[in-house]
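Structure first, then comments.
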There are 2 protein chains.
Amino acid sequence: MSEASLPTHAKDNPNVSADGAPSKNALKKQQKEAEKAAKKEAAKKADAEKRAAQQSQESEDTAKDKYGDLPDDTVQITHLKKLSEEDVDKEVTVITRIHNSRSQSAKLAFLTLRQQGKTIQAVVAATGDAVSRQMVKWATGVNVNSFVRVTGLVKKPAAPIASASISNLELHVTKIYLIAQAAETIPMQVKDAERPPPAVESEGQVDSEGAPIVTLKTRLDNRVIDLQTECNQAIFTISSAVEGLFEEYMRKSGSRKFNTPKLLGAATEGGSGVFEVNNYFGKSGFLAQSPQLHKQMLIAGDCEKVFEIGPFTGLDFEQVFDNHYHEVLEFAEKLIVFIVQELDARYKDEIAVVHKYFPRAGDFKIKDGKALRLKYFDGIQILKDAGVDTTEQDNLVTDLTTAQEKRLGQLIREKYDTDFYVLDEFPMSVRPFYTKKHPTDSRLSNSYDFFMRGEEIMSGAQRVNEAAELEAAMRSKGLDPNADGFSDYVNAFRQGCRPHAGGGLGLNRIVMFFLGLDNIRQATPFPRDPQRLRP
Amino acid sequence: MSEASLPTHAKDNPNVSADGAPSKNALKKQQKEAEKAAKKEAAKKADAEKRAAQQSQESEDTAKDKYGDLPDDTVQITHLKKLSEEDVDKEVTVITRIHNSRSQSAKLAFLTLRQQGKTIQAVVAATGDAVSRQMVKWATGVNVNSFVRVTGLVKKPAAPIASASISNLELHVTKIYLIAQAAETIPMQVKDAERPPPAVESEGQVDSEGAPIVTLKTRLDNRVIDLQTECNQAIFTISSAVEGLFEEYMRKSGSRKFNTPKLLGAATEGGSGVFEVNNYFGKSGFLAQSPQLHKQMLIAGDCEKVFEIGPFTGLDFEQVFDNHYHEVLEFAEKLIVFIVQELDARYKDEIAVVHKYFPRAGDFKIKDGKALRLKYFDGIQILKDAGVDTTEQDNLVTDLTTAQEKRLGQLIREKYDTDFYVLDEFPMSVRPFYTKKHPTDSRLSNSYDFFMRGEEIMSGAQRVNEAAELEAAMRSKGLDPNADGFSDYVNAFRQGCRPHAGGGLGLNRIVMFFLGLDNIRQATPFPRDPQRLRP
């Protein structure tokens, strides 16, 4: 039944005795008073009997086995997300949190039950022996967010339930047991976290309806509660799916999954971003920042096609090609098209949930189901034509800035009606030492970047596959090919290695740009940044 | 054609002039000498003409475009492992290493070509204009292990080729080009690495046939070459498959893949094995040793079923259950059965290749396709019955030792005819603080270990899911629940968390014990240990 159609609670109407004013007719008065007294006595007696009956009922509690501590039994459990109109008039048992509870009267309470962000209304109504007033009272006394096991009849409400995400069904409770009690106080309410984040963040504000605005910092500090929202449940279903689709595509192509070392004997990628482990069995070790060198060593070890899903959620792949690196580039373009198309096909509901909270970016569009591939300098030309200063890029000094990339994304969306494009043939000067030079233009390289909504999601290239060429390339970038950590890598190419190419994709970046989230941390279950090492 | 059936090289038969002895009949003699001289002259002339023709042929080289540097063209490439008798008399092009080369004569050479451990014999025979002597000479001059692109006709040899793993086919070369040259010297020959490792390792020995024995250390120091062997190619196909089957099983069950943080603000697992990163943006960070705490925080965050494949190749999962932790235990038992059965079904050839090199352990056996589940103390009893001293285990002082586990594995194999068994209800004293106590026997816990061939491959348990119980358990193990790194974890259970259980599997251990390898490093592409941080 819908909340509006419920009977209102029958209020008690206590008999109140009224003192009469003195009367001329004493007899009549006496008689009346005697009658009144008798009535009063009768009323008192009736009242006492009623109370006694009520007390008797209370002490008996016709439903005492139907609520309270979880019994040691085994029952078939249904997931809230699997309930449908086919279950109407059937009894089901679910394990859910209490999202909200509201006592309407001693005989009636409304609970909102929540499982993985989905909510349903549950009615606890003491209308007969099956549900007692004590059971109603107990149900509303359970702290919000506690886990309960609820058995009830599935019913179709007269009108849709606006306050629950499952609006076409409700549960008429017949049993309710406590599984895990939540504390009375909660650092952040899930219902507050359910609202979309504000356009501009600022701590301690309330929105136009007076509800607290939960900032990203508060969410991340209380990430375990934040993860319980419908939107986050959908985001991490998509994130898991992106990894799964990447793996599915790779395995279909015959690629094998490898795990390369995360601890290295020497820092190979230099700079301040290298983390040193200072107590590796009496030695210094370094955290690998990418599997690049070992991926290529696997190729030199005849593994031909390899992929890895790294600890900092990088999706990496490397493979030999037969004739031209564009074979690998096309393979990677089709990978992104596959991921986007399969997300749209398999995760429609989850995408819709996320877009309720993050509506600004809109659906992700790939024109004609094909990547748009441009040469790097054709991209520069598009920017130039739009009046963007590209002097530094023309002079091969720097790569595109993030602002230029975003602008290019907008211009390409306007011109080509697509959110996914690829730039090929980057200048050699802005790429790492292991990048293969362009065969005819010495300024350029056989390298590419992928962009979603104008932001980079992948960088890749054909790699140098001969030791002498690699040594020269390293020296030209100021690196010593004989240094610890490099020598094994360079030596891998001395025994012959097939030409190969690959790339590294950012999982969280793909999730963020595909869904149009505001911040990369929203795509990470427990994000880390220079300020954050917890929770 | 088979090597044996080939025409032997036509040796030059130079005309040799013989001096005659003095004769009585001068005329006759003169005449004869004149005839001889004329013959000699004719032979000389013929010889000169032949040489001239040959020189002319050499300078022309009828096959000069058919070998040498790789041309800039695009051709259809076939993988060696896809060749079959259906390809006989067809021309194919492959990209392979030269595994071995042998010059039979100026007009004939035999190459063994290798791709991912598979080998085939290739014949380069200068029998007409299509293949020249120069081409034969060039082909045998390419360094062993170099990559070449070879086009040739597939032929069925008269007799099987014993020296190649593809014994029923050979390739009659029509074109051969160099893709990547290997150095002349190689630290370890692939053909030496192809032999099974010796039973007892010792550096610098030769085997009974005088061939060098390659030790594990030499193999690992030169892992890129070692990975090229047929056996290692098969091992890492299996390893990739175990990960894939784990993921396939998890996703089918509705579990989602997560990536938990690998850098923590505080060491939560204590002890000397924790690696500290001392320059995390001005702070100290610690490498996570297992995703245990964050897996459980995801469960508290309503993720219900999660899995992760960690950087140190741990396959982790955690999930809520409806009624009893044995639901999860059974789920995990079926996971192992699924992995083993699917490996047997899908990777028959690879398993056979590995068993050629590691024959000792034999096929992995799961009796009746079901896990054997024993209670921990029933396992102890089996050991006791066999005369093993289990005093320490009876007194709940220590877990089973590795030697006891192996012995138990043997006894179980004898008694139950299976290589996979599970021990349930371990003593609480030997399990970590987050383990749930047994509901009725306070000495025990709801925890389990999985064993393959008597060695542990998984440890798991139901976990404590209430904050107060967790705090007490931590204090009883001497841990402070309010310490940095623990407080976020404990707080996760204050807002209600469903009962859950899970486990962590060692990928490399599963691969090692399933295949019966000698050493865990053989199941790791680039192993790390206290002594080894390279390659």
Counting residues that are closer than 13 Å to A:K66 by Cβ, which strands (runs of 3 or more DSSP E) fully inside segment A:103-155 reach at least 3?
A:147-155
Taking into account only those residues within segment B:172-191 that are away from chain A (no Cβ under 14 Å) and open to solvent by less than 60 Å² (accessible area, probe 1.4 Å), which is nearest to A:Q495 (Cα to Cα)?
B:I176
Give me the strands (runs of 3 or more DSSP E) completely within segment A:274-316, filtered to those with at least 2 residues that are open to solvent by less than 20 Å² (accessible area, probe 1.4 Å) and within 25 Å of B:I235 (Cβ to Cβ), ordered by residue number.
A:305-309
Within segment A:483-513, restricting attention to residues that are open to solvent by less than 10 Å² (accessible area, probe 1.4 Å) and within 22 Å of the chain's Cα centre (by Cα), which residue is nearest to A:I235 (Cα to Cα)?
A:V511
Hey, among A:A461, A:A468, which residue is buried (at least 22 other Cβ atoms within 10 Å of the Cβ) and among the small types (G, A, S)?
A:A461
By my count, helices (runs of 4 or more DSSP H) wholly in segment A:375-416 with at least 2 residues that are closer than 17 Å to A:Y448 by Cβ and not aliphatic (A, V, I, L, M) are A:376-385, A:402-416
Residues that are among the charged types (D, E, K, R) and at pLDDT 90 or above: find the helices (runs of 4 or more DSSP H) completely inside segment A:161-257 holding 1 or more of those.
A:216-221, A:223-226, A:230-252
Can you confirm whether A:D480 is open to solvent by 50 Å² or more (accessible area, probe 1.4 Å), touching a residue at least 60 places away in the same chain (Cβ under 8 Å), in the same structural domain as A:V242 (by TED's automatic domain parsing) and not hydrophobic (A, V, I, L, M, F, W, C)?
no
Within segment A:156-171, track down each residue that is crowded, with 18+ Cβ neighbours inside 10 Å and over 24 Å from the mean Cα position of the chain (by Cα).
A:P157, A:I161, A:L169, A:E170, A:L171
Quick check: anything in segment A:254-273 of a type in the set (S, T, Y), in contact with a strand residue (DSSP E or B) (Cβ under 8 Å, 6 or more places away or on another chain), farther than 28 Å from B:A300 by Cα and within 8 Å of another protein chain (Cβ to nearest Cβ)?
yes
Segment B:224-248, residues that are closer than 24 Å to B:G314 by Cα, touching a strand residue (DSSP E or B) at 6+ places or on another chain (Cβ under 9 Å) and in contact (Cβ under 8 Å) with a residue 12 or more places away in the chain:
B:Q233, B:F236, B:T237, B:S239, B:A241, B:V242, B:E243, B:F246, B:E247
Tally, over segment A:514-535, of residues that are polar (S, T, N, Q) and over 16 Å from the mean Cα position of the chain (by Cα):
1
Residues (open to solvent by less than 10 Å² (accessible area, probe 1.4 Å) and under 14 Å from A:E466 (Cβ atoms)) located in segment A:431-445
A:T435
Scanning for something part of a strand (DSSP E or B) and among the polar types (S, T, N, Q), does segment B:425-432 turn up at least one residue?
no
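One line per residue, one yes/no per condition, for (1) surrounded by fewer than 17 Cβ atoms within 10 Å (Cβ to Cβ); (2) more than 30 Å from A:A241 (Cα to Cα):
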position	(1), (2)
A:R346	yes, no
A:L372	no, no
A:F377	no, yes
A:K384	yes, yes
A:D399	no, yes
A:K415	yes, yes
A:D419	no, no
Check on A:L383, in contact with a Phe, Trp or Tyr (Cβ under 9 Å, 6 or more places away or on another chain), at pLDDT 95 or above and of a type outside the set (V, I, T)
no
Cross-chain or 6+ apart pairs with Cβ under 6 Å, segment B:212-223 first and free of Cβ contacts under 8 Å to residues at least 60 places away in the same chain, then buried (at least 16 other Cβ atoms within 10 Å of the Cβ) and part of a helix (DSSP H, G or I)
B:P212/B:D192; B:V214/B:D192; B:V214/B:A193; B:R219/B:D226
I'd like the full set of residues that are touching a strand residue (DSSP E or B) at 6+ places or on another chain (Cβ under 8 Å) and modelled with pLDDT of 95 or more, limited to segment B:284-308.
B:K295, B:Q296, B:L298, B:I299, B:D302, B:C303, B:E304, B:K305, B:V306, B:F307, B:E308
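The values are calculated or read from the model by the stated rules, or taken from the named source; none is laboratory data. Not measured: the values here are computed from a predicted model. Heads up, the Cβs are rebuilt from the backbone with ideal geometry, glycines too, and the neighbour counts pull from every protein chain shown. Surface accessibility is based on the protein's heavy atoms, side chains included, excluding ligands, DNA and RNA. Shrake-Rupley method; radii C 1.70, N 1.55, O 1.52, S 1.80 Å.
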